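Readers should treat all values here as calculations from the given coordinates under stated rules, not as data from a laboratory. Since the model is a prediction, treat every value here as computed from it, not as a measurement. FYI the Cβ positions are ideal-geometry reconstructions off the backbone, even for glycines, and counts take in every protein chain you see.
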Number of protein chains: 2
Amino acid sequence: MEMALDEARAAGARGEVPIGAVVVLDGAVVARAGNRTRELYDVTAHAEVAAIRMACEVLGQERLVGADLYVSLEPCTMCAAAISFARIRRLYYGAEDPKGGAVDNGVRFYAQPTCHHAPEVYSGLNETESADILRTFFAEKRELP
Amino acid sequence: MEMALDEARAAGARGEVPIGAVVVLDGAVVARAGNRTRELYDVTAHAEVAAIRMACEVLGQERLVGADLYVSLEPCTMCAAAISFARIRRLYYGAEDPKGGAVDNGVRFYAQPTCHHAPEVYSGLNETESADILRTFFAEKRELP
């Protein structure tokens with residue numbers, strides 16, 4: 001999770017909403033990514049989707065059976081579904097996102113009948129730090145002229 | 001929608017689940033794509049996400065305000081959210097997908113409080129043809145040794 005927070009901070013330094021994600025398989029990091037929606041002009045390039053794409057590419061496989069994903073913020077609806085499709089085993093996330101989250105908030109995708117694979121979910125890891133990174137980013141943005 | 005069906009058939013010919021999508025802006029096609037999850041080892045490369053990414057890249061912008069998306073099947077949870085994030089104006093889709101859809105089935109994302117932009121939705125365009133393409137594809141797959 002520390003590595004996911006580093007990716008979040010790096011995303012913030014690039015002017016992106018500071019969220020970071022890491023994919024781990026068999027104890028090894030196979031992908032780490034921060035949010036890159038602005039840089040790539042890609043509205044789907046959230047940290048989780050970027051990390052999953054990278055991991056699939058590195059491993060040359062379409063699914064990530066047995067892999068775990070660490071992300072600084074509760075995944076949104078798009079990412080929650082992508083995590084399910086990728087067959088991620090365990091999802092660890094930092095702060096909850098009542099406005100946009102889809103795991104313990106919003107559509108609670110993993111509890112729905114149209115969800116065909118649900119990861120084990122562990123929430124609240126480095127929660128305060130994760131939320132602080134986001135809070136500081138938006139506070140600084142508001143101060144800009 | 002005819003073009004989306006062509007993309008669906010082309011995807012099927014490549015061995016992918018046959019779904020196709022087209023993005024139209026100001027009366028012009030800016031992106032067309034079929035499902036490429038297998039070819040790209042990218043679980044997120046559904047037709048809709050592929051077409052949205054392509055359109056964003058072509059236009060050099062992160063959002064597709066005023067653009068319409070045509071897709072042969074009701075979008076899944078991931079794609080429904082990506083369509084919302086991209087600020088698609090109108091969504092036209094073919095067949096409904098009770099098992100995996102997220103527009104008029106499943107999480108019905110556009111009716112949820114955590115959905116911050118909902119496109120206008122028009123369903124049932126070339127519905128029979130869209131469904132037939134999928135049905136034929138899976139029937140042929142089952143016949144393979």
For peptide A:73-81, the mean count of other chain Cβ atoms within 10 Å per residue Cβ is 6
Shortest first and in nm, the label-point separations between B:ASP104 and its counterparts in the other identical copies (7 Å out along Cα→Cβ) come to 3.6
quick note, region B:1-139, DSSP beta bridge pairs, % antiparallel (nearest 5) is 55 percent
Taking alpha-carbon centroids only, region A:33-75 lies from region B:24-64 a number of Å equal to 17 Å
With Cα coordinates, the longest principal axis of chain A makes an angle with the long axis of helix A:127-143, in degrees rounded to 10, of 40 degrees
Expressed as a whole-number percentage, the relative contact order of chain A with C-alpha contacts under 8 angstrom and at least six residues apart is 20 percent
Taking Cα atoms only, Rg over Rh for the protein assembly as shown with Rh from the Kirkwood formula is 0.97
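What number comes out for the charge environment of A:LEU25, summing +1 per Lys or Arg and -1 per Asp or Glu over other residues with Cβ under 12 Å away?
Cβ neighbours under 12 Å give a net charge of +2.
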Once normalised by the length of region B:61-126, the mean sequence separation of its alpha carbon contacts under 8 Å that are 6 or more apart gives a contact order in percent of 36 percent
Cross-link reach from A:LYS141 to aspartates and glutamates, straight Cα distance under 18 Å and at least 8 residues apart if same chain, gives A:GLU16, A:GLU39, A:ASP132
The helix A:2-13 Cα axis meets the longest alpha-carbon principal axis of chain A at an angle in degrees, between 0 and 90 and rounded to 10, of 40 degrees
Among residues of chain B, the one whose beta-carbon sits nearest the axis that rotates B onto A, given with its distance in integer Å, is B:VAL107, 2
Mean Cβ-within-10 Å packing, highest first, puts peptides A:35-42, B:125-132, A:81-88 in the order A:81-88, A:35-42, B:125-132
Across the alpha-carbon set of region B:1-139, Rg over Rh with Rh taken as the Kirkwood radius works out to 0.94
Chain B, Gaussian network, Cα under 10 Å: of B:ALA80, B:ALA13, B:ALA47, the residue fluctuating most is B:ALA13
With one decimal in nm and the nearest listed first, the spacings from A:THR128 to its own position in the other copies, using label points 7 Å along Cα-to-Cβ, are 6.5
With x for Gly and Pro, the residue-by-residue ³J(HN,Hα) of region B:20-36, computed from phi through the Karplus equation 6.51 cos²θ - 1.76 cosθ + 1.60 at θ = phi - 60° and given in whole Hz, is x, 9, 9, 10, 10, 10, 6, x, 10, 6, 9, 7, 9, 8, x, 4, 9
